[in-house]
Amino acid sequence: MSIYTLRRYLTLLIFFLIAGFVQAQENESLLEAGPMLGYVEMQEANLWIQTTKPVSFELTYWKKGEEDAPKHVFRSSTLALESNTAQVKLTDLDYGTTYQYELTIDGQKVNLPYDMKFTTQQLWEWRKPAPDFSVAMGSCLYINDSEFDRPGTPYGKSTEILKHINNQHPDMMLWLGDNVYYREPDFYSKKRLDYRFKDARNTPEMQPLLANAINIATWDDHDYGPNNSDRSYRLREETLDIFKRYWANPGYGTSETDGVFTKYKYSDVEFFLMDNRYHRAPNNFKKEGKAFFGEAQLQWLKDSLVGSNATFKIVVVGNQATNKMNTHESFTAYPHEQEELMEFLDEHDIPGVLFLSGDRHFTELLKTDREDNYPIYEFTSSPLSSGTYGNLQESEEYDNPQRVDGTLVYDDQNFGMMYIKGDEDNRRLVLETYGSDGEKLWDYTITENDLKNK
């Protein structure tokens, strides 16, 4: 081979290598956010992606360890009408199996610097003990946007905390509300509402967590509408549509009642995600019996709790549900519905109930004693990246007698972890809080027997 011919081959090789690299870079840039793993069942999983423009894509998946076996391919496209998002429901999966997956956009594989995998739920009932698993949680994720933020010191802090969450390798991430903060120009424009979700969702530190943990969410006021917003919000139907567009929850309300409320069972734990905005009466509404969840949703919760056979029944609310000293937004400010629910729990002697909440810009574990019944615990976890309740010491609430000693965190961004573990009839919840640097701040264990009537 002559030197001329060799140079020609080398030139062509370099050209094709560069062209391939550029094409791959272009296709990676077409991925706006995700993939995000939504709910996962025994034989079904839901994934979400967003692209920068309408594209055709393939999601290829295979059992871990069987890379050489025939792979499954799901083909679809993202639509401009849906903000270039798409949800992929994978069916006919094997239970208790880990799958790896990859994304191809317009014929080119998207290379991401982290694994993409999910594990289907196990078929365990009547066969073996309930599987152990872990859940991360947090609320109040504020992403700075200087053009629309208030003047002065940025309210949002570092989003590195999302990396620390992912480093815990949770099976599930519960987003407890205020997962996005709408700004004033967003409130009455569906396009702006969509922009705000898109802006938050493509946060780089969030992507590995989205890809590898089950992500389930409810909302509070800031990802529903204006501050302290309620059922009178003019764009409540539009903001519900946006929420459905950007999350991959197992459900949204019922056929008769709109909202984001739903339930999701994983192992021997059932989560009841409540909607404290769509049907909520205004905070200053003076009528006795004003609605917090609304009659239909509250009845749905009662029915669901009575019908659940889960060891732990975890009610997730954007606002605090049991804090007697909370003078801000809370379930306590709606005494008719709160008392109705608590009396129902007493009358039906439902075991294993506890609450999760966000909103407060501080973290605490509350314990509410009940006469002739087990205490009700509530784990409030907040904030992920927004400002903290730095002047809590000046409030009477600082010395809340309901609070479990050593669980207050009010001067640092933080997130929660919940480990469900233990043998049959001796299951336990290990609750933990981690600071913005990823260091553990406290832990507390609740056993299944702690949540049973003696």
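The values are calculated or read from the model by the stated rules, or taken from the named source; none is laboratory data. From a predicted model like this one, the values you see are computed outputs, not experimental measurements. Cβ sites come from the backbone with ideal geometry, for glycine too, and all protein chains shown count toward neighbours.
Taking the stretch 147-176 as the range and being part of a loop (DSSP other than H, G, I, E, B) and either under 15 Å from the mean Cα position of the chain (by Cα) or aliphatic (A, V, I, L, M) (or both) as the test, the residues that pass are HIS169, PRO170, ASP171, LEU176.
Does THR218 fit the bill of being outside the structural domain of THR52 (by the TED database), within 22 Å of GLN50 (Cα to Cα), in contact with a Gly (Cβ under 6 Å, 6 or more places away or on another chain) and in contact (Cβ under 8 Å) with a residue 60 or more places away in the chain? For THR218, the condition - outside the structural domain of THR52 (by the TED database), within 22 Å of GLN50 (Cα to Cα), in contact with a Gly (Cβ under 6 Å, 6 or more places away or on another chain) and in contact (Cβ under 8 Å) with a residue 60 or more places away in the chain - is met.
Pull up the stretch 112-143, narrow it to residues that are within 25 Å of PHE362 (Cβ to Cβ) and touching a Ser or Thr at 6+ places or on another chain (Cβ under 9 Å), then point me to the one that is surrounded by the most Cβ atoms within 10 Å (Cβ to Cβ). Quick ask: steps written out before the conclusion?
In the first step, residues of the stretch 112-143 are kept if they are within 25 Å of PHE362 (Cβ to Cβ); the result is 134-143.
Subset that is touching a Ser or Thr at 6+ places or on another chain (Cβ under 9 Å): 137-143.
On the way: MET137: 28, GLY138: 28, SER139: 32, CYS140: 26, LEU141: 27, TYR142: 23, ILE143: 19.
Among them, the one singled out is SER139.
Test ALA248 against the criterion of being assigned to a loop (DSSP other than H, G, I, E, B), out of contact with any helix residue (DSSP H, G or I) (no Cβ under 8 Å at 6 or more places or on another chain) and among the aliphatic types (A, V, I, L, M), and give yes or no. So ALA248 fits the description; yes. Restricting the first member to the stretch 94-113 and to residues that are of a type in the set (Asp, Glu), and the second to residues that are buried (at least 17 other Cβ atoms within 10 Å of the Cβ) and in a loop (DSSP other than H, G, I, E, B), the beta-carbon pairs closer than 8 Å and six or more apart or on different chains are ASP94/THR120; GLU102/VAL110; GLU102/MET116; ASP106/LEU30; ASP106/VAL55. Listed by first and then second residue, the pairs linking a residue in the stretch 302-331 that is farther than 22 Å from ASN449 by Cβ to a residue that is modelled with pLDDT of 95 or more and of a type in the set (Lys, Arg), with Cβ atoms under 8 Å apart and 6 or more places separating them unless they lie on different chains, are SER304/LYS263; GLY318/ARG277; GLN320/ARG360; ASN326/ARG360; HIS328/ARG360.
If I ask for residues that are touching a His at 6+ places or on another chain (Cβ under 6 Å) and not hydrophobic (A, V, I, L, M, F, W, C), which ones from the stretch 264-296 would you list? GLY289, GLY294 - these are the residues of the stretch 264-296 that are touching a His at 6+ places or on another chain (Cβ under 6 Å) and not hydrophobic (A, V, I, L, M, F, W, C).
Against the conditions (1) out of contact with any strand residue (DSSP E or B) (no Cβ under 6 Å at 6 or more places or on another chain); (2) surrounded by 14 or more Cβ atoms within 10 Å (Cβ to Cβ); (3) within 21 Å of ILE214 (Cβ to Cβ), GLU82 satisfies every one except (3).
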